[in-house]
Amino acid sequence: MSDKRPNIIMIMSDDLGYECIGVNGGTSYATPRLDAMAANGMRFDEGHVLPLCTPTRVALMTGKHNFRNYIGFGLVRPDEVTFGHIFSDAGYNTCISGKWQLYSYNPPEQFPEMRSKGQRIEDAGFDEFNVWHAHHTEEKGSRYKDPVIYRNGSYRDDTEGEYGDDLFCDYIIDFIERKKDDDNPFFVYWPMALTHGPFEPTPDSREWDEFEPRSNKTLGGRTWADLNDSGEGAHPRFYKDMVEYHDKVIGRLLDYLDGQGLSEDTLVIYTGDNGSPQEVCSVMHRHNEICGGKGKTNDQGTHVPLIVQMPGTVPAGSVNSDLIDVTDFLPTMLEAAGIEGPEGYVIDGKSFHPQLRGEMGNPKEWLFFHFMPMSPNVPVDTIRFVRDRDWKLYETGELYDLKADLDEELPIFESDDGEESAAARARLEPVFEQMV
């Protein structure tokens with residue numbers, strides 16, 4: 001291991017819950033590379049995020065709860081300081097390759113006042129970028145086959161017949177190859193396109209050659225993507241192919257690090273942005289069916305895989321049950337890098353870097369969530385809740401016993417409290433007063 005500050009790679013899959021990974025007990029999909037990553041590092045049993053992608057991504061990149069800086073779905077506040085800025089200012093070589101979708105999400109006829117209100121990828125603090133959905137929603141095109149990718153200020157013209165996450169991985173490997181011998185370390189953020197819908201064949205699917213992806217062009221026939229978007233003839237069976245391909249392409253990056261002798265110098269963090277799609281049901285331990293909870297505030301919506309690898313630093317084959325939420329990643333990475341946050345910069349998260357070194361650390365006793373759903377079926381603008389290992393309390397008063405009711409089907413109101421639930425309510429309720 002060198003004396004240089006550690007390299008850091010942050011990988012976030014899209015729409016893949018805790019139940020999908022083999023090492024977590026999932027049996028519907030083969031995930032040998034992530035399973036091996038856990039064997040080489042540390043797996044966390046209680047990693048939690050927000051139930052949708054934008055809230056999670058905003059919190060991840062800033063270390064803040066969403067009530068501080070969330071301005072709308074598909075948007076990062078234009079003047080927000082991200083980990084791209086922080087690591088670049090600290091001398092790291094920085095790169096983002098993958099999904100952006102944080103500048104202007106709404107199409108012209110929906111909330112036009114929110115057009116162009118987010119943060120441009122050019123302003124997000126990264127030295128280099130290679131991203132899908134950099135601009136307006138109607139311009140985003142395919143993220144998978146023949147992807148539309150915006151690279152360092154211009155659109156790529158070499159993506160025909162290629163696959164999105166292959167190109168994202170290729171770019172990361174090329175970036176590292178160019179920076180690996182630099183005096184300064186690298187920080188790479190890979191917000192994956194996989195495994196978000198539309199459910200489409202991957203290069204390993206037998207249907208790969210026969211379909212056309214959605215694009216901005218008028219297509220002569222209906223595509224797999226068209227069918228998925230309409231809800232008619234959707235093919236969630238491709239979710240299996242997508243999960244397994246996402247595992248494969250992550251493995252390719254890990255193999256590159258190993259082949260270059262970079263593994264011991266590189267902290268690699270892998271997690272998900274929210275639960276699996278609701279229409280996808282997966283099996284754990286060959287007998288428990290778990291249906292995805294994306295968009296829901298129960299465990300299926302927030303519980304995601306979390307695996308960290310750095311041979312020689314992170315104990316191999318270790319399992320940690322501390323409560324971790326998405327705001328904790330930034331302070332953990334900053335501590336690993338020996339970086340102080342900008343003066344006056346608020347970070348709500350707590351570093352779990354000591355745990356990564358095999359120490360006890362100072363784990364959280366509870367997790368707080370501020371969630372703004374993007375759904376006409378949810379009659380509220382904001383849902384706030386706090387949980388510990390055994391109990392979960394919503395700001396509106398519903399309390400759930402997670403030991404007996406993980407699916408949150410049996411709310412306990414204050415008038416129904418027994419001794420144990422009353423004690424849990426008294427312990428958790430004051431948290432809301434802190435979050436202002």
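The values are calculated or read from the model by the stated rules, or taken from the named source; none is laboratory data. This one's a predicted model, so the numbers in the text were calculated from it and none came from an experiment. Cβ coordinates were reconstructed from backbone atoms using ideal geometry, including for glycine residues, and neighbour counts include every protein chain displayed. Just so you know, the surface numbers come from the protein's heavy atoms only, side chains and all, with ligands and any DNA or RNA stripped out. Shrake-Rupley method; radii C 1.70, N 1.55, O 1.52, S 1.80 Å.
Under a plain spin-label model, where a point goes 7 Å from the Cα along Cα-to-Cβ, how far apart in nm are Ala30 and Ser154?
Distance between the two pseudo-spin positions: 4.1 nm.
In the chain, which helices (entire DSSP H runs) extend 30 Å or more along their own long axis, judged by Cα positions, while averaging at least -1.0 on the Kyte-Doolittle scale?
Span-like helices in the chain: 238-259.
For the chain, what D do you get in µm² per second when you plug the Kirkwood radius from alpha-carbon pairs into Stokes-Einstein at 4 °C and 1.567 mPa s?
For the chosen part, D equals 58 µm²/s.
Can you give the accessible area of Ser116 in Å² (nearest 10), computed on protein heavy atoms with a 1.4 Å probe?
Its accessible surface works out to 50 Å², give or take rounding.
I need the shape label for the range 61-166. Rule: rounded when a/c is under 1.5, else prolate if a/b > b/c, else oblate, with a, b, c from the alpha carbon gyration tensor.
In terms of gyration-tensor shape, oblate.
Using a Gaussian network for the chain with springs between C-alpha atoms less than 10 Å apart, which of these wobbles most: Tyr18, Tyr394, Tyr245?
Tyr394
In square angstrom, rounded to the nearest 10, how much accessible surface does Phe67 have for a 1.4 Å probe?
50 Å²
Roughly speaking, to the nearest percent, how much of the range 323-406's 1.4 Å accessible area is carbon and sulfur?
The nonpolar share, carbon plus sulfur, comes to 50 percent.
If Tyr105, Tyr163 are ordered by their accessible area, calculated over protein heavy atoms with a 1.4 Å probe, which sequence runs from highest to lowest?
Descending order: Tyr105, Tyr163.
Suppose we keep just the DSSP beta bridges with both residues in the chain; what percent of those would be antiparallel, to 5?
If we restrict to bridges inside the chain, about 55 percent are antiparallel.
Roughly speaking, what is the centre-to-centre gap between the range 358-436 and the range 139-184 when only Cα atoms are used, to the nearest Å?
That distance is 40 Å.
Determine the share of the range 263-302's accessible area contributed by carbon and sulfur atoms, expressed in whole percent, with a 1.4 angstrom probe.
Answer for the range 263-302: carbon and sulfur cover 42 percent of the accessible area.
According to the square roots a ≥ b ≥ c of the eigenvalues of the Cα gyration tensor, what is the shape class of the range 6-62, taking rounded for a/c under 1.5, prolate for a/b larger than b/c otherwise, and oblate for the remainder?
oblate
Taking only protein heavy atoms and a 1.4 Å probe, what accessible area per residue, in Å², does the chain have with all protein chains in place?
On a per-residue basis, 40 Å².
Return the lysines within reach of Lys240: Cα separation strictly under 21 angstrom, same-chain partners fewer than 8 residues apart disregarded; answer none if there are no such residues.
Lys99, Lys145, Lys248, Lys294
By the 4.7 Å beta carbon criterion, which cysteine residues of the chain come out unpaired?
Cys20, Cys53, Cys95, Cys169
Leaving out ligands, DNA and RNA but keeping every protein chain, what accessible area does Lys296 have, in Å² rounded to the nearest 10, with a 1.4 Å probe?
90 Å²
Using a 1.4 Å probe on the protein chains only, how many percent of the accessible area of the range 1-152 belongs to carbon and sulfur?
Carbon and sulfur atoms account for 48 percent of the accessible area of the range 1-152.
Take the Cβ-Cβ distance between Ala423 and Asp89 as r, set R0 to 51 Å, and report the resulting FRET efficiency rounded to the nearest 0.05.
For R0 = 51 Å, the calculated efficiency reads 0.65.
Could you pull out which residues in the range 57-86 have an amide N less than 11 Å from a spot 7 Å beyond the Cα of Glu340, following the Cα-Cβ vector?
none
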